[in-house]
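Enquirer: Pasting a structure here, questions to come.
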Amino acid sequence: MTPTPLSRRNFLGLSAAVGLAGFAAACGGTSGPPGTQQQEGGGGTFTGTYDGPNVALAFWNGFTGGDGPYMKKLVDQFNKEHPNIKVTMTTIRWQDYYQKVPAAVQSGKGPDVGAAHQDNLATLAARRSIQPLDDLASELKLEENDFIPAVWQGGVYQGKRYGIPLDVHSLAQYWNSDQLSKGGLQKPPASKEEFDQAVSKIKSDAGVAQPFWMPSLWPAHLIFYSLIWQNGGAPYSEDGKTATFNSPEGVAALTWMVDQIKAGTSPRNVAIDTQYNAFKTGRNAGTFDGIWQINDLKTTAPKLKWQMAAVPQIFDKKAVWSNGHNFVLMNQPKPDDNKLQASKVFINYISEKSAEWANAGMIPARNSARQDPSFAKQPQAVVAADVDSFHFLPAVPGIGDVGFQGIEQAVAKATLLQQDPKTALDNSAGVANKLLEDNRKKFGG
Amino acid sequence: MSTVDAEILSTGAGDLRPVERKAGRRVSRYGGRWVPYVFLLPYLALFATFVLAPIVIGLWVSLHVWDFTIPRKPWNGLGNYKDLFDSQSVVGPDFIRSMKATGIFTLFSVPLLVVVPLAVALLMNAKFKGRNLFRAVYFAPYVLGVAVIAVLWRYILDNNIGLLNRYLGAIGLPDDIAWTTSTPAAWFALIGVTVWWTLGFNAVIYLAGLQDIPAELYEAAKIDGAGRWQQFRNVTLPGLRPVLMFVVIITIIASANMFGQSYLITQGQPGNETRTAIYYIAETGLKNFDMGRAAAMSFILTLCLLVLSGLVMLAFRERKGASR
């Protein structure tokens, strides 16, 4: 769920140290969360401009990868064009971000505006870190038919809209162009047959003994999500109340992943990031990763010639795991109409710069921006060609953690060949169902 | 302070005896019975705020379903504690596994971290050329943060693209050991990294202890005909007893609190087998915001550490007559 590349994954640490310091503070327990008096947007009618007194806005996000500089540029541009609004952008790795935001908002020190992933909106809303913004959506004249339906619907929790969609991003496949052509292939494989053929050709003709390395951690679960959807299954029931990832479709999906290892296409015990680092150095020929890696590949492996495509169709249907960035408005202890109005101006401004944001490696959420000819030049445009194949996790509070303790553990155990896919998935489904039930009690859903 | 000054002033500098006689032995020459407490007060305030209050609040939290982002925090009695030992609950098996992981790590890292630094300290204590460089080299890793050593070692230990397996292969040893994704290899890796990282600290403490042992004792031992080993057994070790106890206890506590290494190097892999108790507590409390269970886990871990420290103190207590 965390679409920033190496930075988030490599330096997992320290957050905990900081977090532990917060532990004591958190235990002190502020009496009432600031969100108790929910502010339903408010702030008068939105005119698209702000002409009140000078205000400063805090904007938090987790764009620590190749996407960060592009957001910074947009923010700087905004500040220049709006002398009475000063937006300060703070970037925290997503993983820490989702820990810090609820705590910061709770203690009344949260930012004004934030970015959040679609599959985290329900969680943040249930924790009342963010406020509903239905009126903002209508004031911004956002039309449902200008968005991918799943993206538009994904911003809604319990009948209220909590996010203004900014972009979508999905899993993709990357291939080393040299090795691909040495294997006699022009483009990345699109089907199971092409995938198998590409792998064996590259093995025999390009001399890469193990062309495709199967990760055991990130983004292994994203591969699994994509495959189970391709196979006609789903990780969770439609209402998000039960785990269904141990269905026969899920077992077949995970079995395909494990088979790549057993067949020797992938080495065993691929540790975190290894498959991606090996791709950058040409040790393997192809890898599945998010489209957000585009800028990382460009900057950290400038000599590598690569091409990307949508994830190949291994099973019956086209499907790929996707997620989206949204703008959110944080709950405030003391609502300030000027700040609220300025925040709306800011969100509207960036939202309209959808096409420029595509430079960060993202796919614009607006159909109009996606169909714009300028987007067709982006490397990720090949992935965006078939947005109907984009699948999203259900908007259930706490779903991220259920995935982490459930699916991710099962995928890791199976790909490390510790458990067979069915046992691993069955065990994890038991854990996931308990967690889902716990969450329902906790969040009252 | 003002009461102290007042006492001194009223009794005068010359004649203190009447005060003593009047109040008996329990009253100090310089003030009333509250004086020691007044001196203790600044520390007591810190202690109460940062140690006592968190313990009491933590205990209170551990008795509730406590998610601090949600206003409803229902009373749960001992439910959180029961869950930890219930193999059917969501947290039970994971908690027990994490305690086991901490146990394994502590069991194997403590003896190494007690013995190896002692050997290093004995070497460092000897007189030879380049001794300061030698001391610096051993202490150097300790200066680095856990994030730095973890990233460094992750690249060395990676079983597919790492240096270690490459070198092992070059000298004809197996080159496919999964140092970060399989056990027991991951434990060797984590314990090895930790010993390399922290042995300098223990060595410096030992070194200070060694330098406190009077040289006369060694001389006397030599005159009595003691060899090197006998000097070590009968002079060095007894001389180091207080230092040794300190080292053992802080090493146990530090090992039981291991978090960064497994969080960063193995990510708890494979399948949470190297996820330590602190790692799991942090995940439960700070990632899932389940403060109630996290607090309950902390109390269980603390209890274990208290018992363990007690046992160590018992083992190191002065045996009457036996050693003297």
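The values are calculated or read from the model by the stated rules, or taken from the named source; none is laboratory data. Predicted model, so just to flag it, every value in this text is computed and none were measured. Cβ coordinates were reconstructed from backbone atoms using ideal geometry, including for glycine residues, and neighbour counts include every protein chain displayed. SASA here: full protein model, heavy atoms, side chains in, ligands and nucleic acids out. Shrake-Rupley method; radii C 1.70, N 1.55, O 1.52, S 1.80 Å.
Enquirer: Please compute, over every Cα-Cα pair in region A:116-249, the percentage with a separation greater than 25 angstrom.
Expert: Numbers: 4345 of 8911 pairs.
Counting pairs separated by more than 25 Å, the tail of P(r) holds 49 percent.
Enquirer: From Cα coordinates alone, what are the radius of gyration and Dmax values for the protein assembly as shown in angstrom?
Expert: Values for the protein assembly as shown (Cα only, Rg and Dmax): 30.7, 107 Å.
Enquirer: Could you pull out every one of the lysines with an alpha carbon less than 20 Å from that of residue A:344, ignoring same-chain neighbours closer than 8 positions?
Expert: A:72, A:73, A:80, A:86, A:109, A:141, A:160, A:334, A:353
Enquirer: Report, to the nearest whole %, how much of the accessible area of region B:88-323 belongs to carbon and sulfur atoms, 1.4 Å probe, protein only.
Expert: Working: 7710 of 11320 Å².
It is 68 percent, rounded to a whole number.
Enquirer: Right, something else. Under 5 Å between amide H atoms, partner at least 5 residues away or on a different chain: which partners does residue A:157 have, H built in plane at 1.01 Å?
Expert: Placed amide hydrogens put A:162 under 5 Å from residue A:157.
Enquirer: Would you compute, for the Cα atoms of region A:151-222, the largest minus smallest coordinate along each principal axis and list the three values in descending order, in whole Å?
Expert: Computed over region A:151-222, the largest-to-smallest principal extents equal 56, 26, 20 Å.
Enquirer: So, one more: Taking just the alpha carbons, could you work out the radius of gyration and Dmax for region B:88-323, both in angstroms?
Expert: When restricted to the Cα atoms of region B:88-323, Rg and Dmax are 20.8, 67 Å.
Enquirer: Sorted from largest to smallest, which semi-axis lengths in Å does the alpha carbon gyration tensor of region B:104-149 give for its equivalent ellipsoid, taking the root of 5 times each eigenvalue?
Expert: So the three semi-axes of region B:104-149 are 23, 17, 4 Å.
Enquirer: While we're here: I'd like the accessible area for residue A:317, computed on protein heavy atoms only with a 1.4 Å probe and all protein chains in place. Round to 10 Å², please.
Expert: 110 Å²
Enquirer: Ignore the peptide's own chain and count Cβ atoms of other chains within 10 Å of each Cβ in B:64-77; give me the average, rounded. Let's see the in-between values first.
Expert: Numbers: counts 0, 3, 3, 5, 13, 15, 9, 6, 4, 1, 2, 0, 0, 0.
Across B:64-77, the average partner-chain Cβ count within 10 Å equals 4.
Enquirer: Still on this structure, I have one more. Apply 1/(1 + (r/R0)^6) to the Cβ-Cβ distance of residue A:51 and residue A:90, taking R0 = 22 Å, and write down the FRET efficiency to the nearest 0.05. It would help to have the intermediate numbers written out before the result.
Expert: Working: r = 26 Å, r/R0 = 1.19.
Result of the calculation: an efficiency of 0.25.
Enquirer: May I ask you to rank A:370, A:268 by accessible area, largest first, using a 1.4 Å probe over the protein chains only?
Expert: Working: A:370 30, A:268 145 Å².
Accessible-area ranking of A:370, A:268, largest first: A:268, A:370.
Enquirer: While we're on this one: How much solvent-accessible surface does residue B:85 expose, in Å² to the nearest 10, with a 1.4 Å probe and all protein chains in place?
Expert: Its accessible surface works out to 130 Å², give or take rounding.
Enquirer: Provide the buried accessible surface between chains A and B in square angstrom, both chains summed, 1.4 Å probe, rounded to the nearest 100. Show your work: numbers first, answer last.
Expert: Working: alone 17970 and 20160 Å², together 34020 Å².
Roughly 4100 Å² of accessible surface disappears when A and B pair.
Enquirer: If B:83, A:420, A:426 are ordered by their accessible area, calculated over protein heavy atoms with a 1.4 Å probe, which sequence runs from highest to lowest?
Expert: Details: B:83 35, A:420 80, A:426 55 Å².
Sorted by accessible area, descending: A:420, A:426, B:83.
Enquirer: Scan around residue A:271 for amide H atoms under 5 Å from its own, H built in the peptide plane at 1.01 Å from N, and keep only partners 5 or more places away or cross-chain.
Expert: B:159, B:160
Enquirer: Also, I was wondering about something else. Could you tell me what percent of the accessible area of region A:219-302 is made up of carbon and sulfur, with a 1.4 Å probe and every protein chain present?
Expert: On the way: 1170 of 2350 Å².
Carbon-and-sulfur percentage of accessible area, whole number: 50.
Enquirer: In Å, the Kirkwood hydrodynamic radius of region B:31-155 over pairs of distinct alpha carbons? Write out the running numbers ahead of the final one.
Expert: Details: mean 1/r = 0.0486 Å⁻¹.
The answer is 20.6 Å.
Enquirer: To the nearest 10 Å², what's residue A:366's accessible area with a 1.4 Å probe?
Expert: 40 Å²
Enquirer: Just to be sure I understand the interface: list residues from region B:278-302 that lose 40 Å² or more of accessible area between the chain on its own and the complete protein assembly, 1.4 Å probe.
Expert: B:286, B:287, B:288, B:289, B:291
Enquirer: Per-residue HN-Hα couplings for region A:87-102, Karplus 6.51 cos²θ - 1.76 cosθ + 1.60 at θ = phi - 60°, whole Hz, x for Gly and Pro?
Expert: Per residue, the Karplus-derived 3J(HN,Hα) values read 9, 10, 9, 10, 10, 10, 3, 3, 4, 6, 3, 6, 7, 7, 4, x Hz.
Enquirer: List every DSSP H helix in chain B whose Cα atoms extend 24 Å or more along the helix's own long axis and whose mean Kyte-Doolittle hydropathy is at least -1.0. Don't jump to the answer; show the numbers that get you there.
Expert: Numbers: long enough: B:92-125 (48 Å, 1.36); B:185-212 (40 Å, 1.23); B:237-256 (27 Å, 2.03); B:291-316 (37 Å, 2.03).
What comes out of the filter, once short or polar helices are dropped, is B:92-125, B:185-212, B:237-256, B:291-316.
Enquirer: Okay, moving on. Per residue, what accessible area does the protein assembly as shown have, given a 1.4 Å probe and all protein chains present, in Å²? Each step should come with its number before you reach the end.
Expert: Working: 34020 Å² over 769 residues.
Using a 1.4 Å probe on heavy atoms only, each residue of the protein assembly as shown averages 44 Å².
Enquirer: Moving to a separate point now. Roughly speaking, what is the centre-to-centre gap between region A:327-377 and region A:380-445 when only Cα atoms are used, to the nearest Å?
Expert: 29 Å
Enquirer: Here is a follow-up. Once both axes come from the Cα atoms, what is the angle between helix A:68-81 and the longest principal axis of chain A, in degrees from 0 to 90, rounded to 10?
Expert: So the inclination is approximately 30 degrees.
Enquirer: Before rounding to the nearest 500, sum -39500 (n - 2.57) across all DSSP H runs of length at least 4 in the protein assembly as shown and divide by the residue total; then give [θ] at 222 nm in deg cm²/dmol.
Expert: Values: 35 runs with 400 residues, N = 769.
Helices in the protein assembly as shown give a 222 nm mean residue ellipticity of -16000 deg cm²/dmol.
Enquirer: Additional query: Enter the mean projected area of the convex hull around the alpha-carbon atoms of region A:204-291, in nm², rounded to one decimal. Show your work: numbers first, answer last.
Expert: Numbers: hull surface 26.4 nm².
With the hull built on Cα positions only, its mean projection is 6.6 nm².
Enquirer: To one decimal place, what orientation-averaged projected area in nm² is obtained for the convex hull of the Cα set of chain A?
Expert: Working: hull surface 82.1 nm².
Approximately 20.5 nm², given one-decimal rounding.
Enquirer: What is the magnitude of the charge dipole of region B:88-323 about its Cα centre, with +1 placed on the Cβ of each Lys and Arg, -1 on the Cβ of each Asp and Glu, and no other charges, expressed in debye to the nearest 20? Intermediate results must be reported in sequence, preceding the final value.
Expert: Numbers: 18 positive and 12 negative charges, 97 e Å.
Here the size comes out at about 460 debye.
Enquirer: When the Cα centres of region A:82-147 and region B:214-286 are compared, how far apart do they sit, in Å?
Expert: With region A:82-147 and region B:214-286 each reduced to a Cα centre, they are spaced 47 Å.
Enquirer: Can I ask one more? Towards the positive end of the charge dipole of region B:88-323, with charges on Cβ (+1 Lys, Arg; -1 Asp, Glu), say which of B:177, B:151, B:231 has the farthest Cα.
Expert: It is B:231, whose Cα lies furthest towards the positive end.
Enquirer: Another question, then. Out of the DSSP beta bridges found with both residues in chain A, what percent are antiparallel (nearest 5)?
Expert: On the way: 28 of 41 bridges.
Of those bridges, close to 70 percent are antiparallel.
Enquirer: Here's something else I'd like to know. Tell me, which residues of region A:274-301 get at least 40 Å² less accessible area when the other protein chains come in, versus the chain alone (1.4 Å probe)?
Expert: A:274, A:277, A:283
Enquirer: For chain B, with the dipole built from +1 on Lys and Arg beta-carbon atoms and -1 on Asp and Glu ones, taken about the Cα centre, which of B:38, B:164, B:104 lies farthest toward the positive end?
Expert: B:38
Enquirer: Over chain B, what is the relative contact order in whole percent, taking alpha-carbon pairs under 8 Å and six or more residues apart?
Expert: Numbers: 340 pairs, mean separation 76.5, N = 324.
Relative contact order for chain B comes out at 24 percent.
Enquirer: I'd like the residues of region B:32-59 whose 1.4 Å-probe accessible area shrinks by no less than 30 Å² going from the isolated chain to the full set of protein chains.
Expert: The answer is B:57.
Enquirer: For the residue pair residue A:334 and residue A:191, what label-to-label distance in nm results when each label sits 7 Å from Cα along the Cα-to-beta-carbon direction?
Expert: In this crude label model, residue A:334 to residue A:191 measures out at 6.6 nm.
Enquirer: If you roll a 1.4 angstrom probe over the protein chains with everything in place, what fraction of the accessible area of region A:119-217 belongs to carbon and sulfur, to the nearest %? Working shown, then result.
Expert: Values: 1680 of 3520 Å².
Of the solvent-accessible surface of region A:119-217, carbon and sulfur hold 48 percent.
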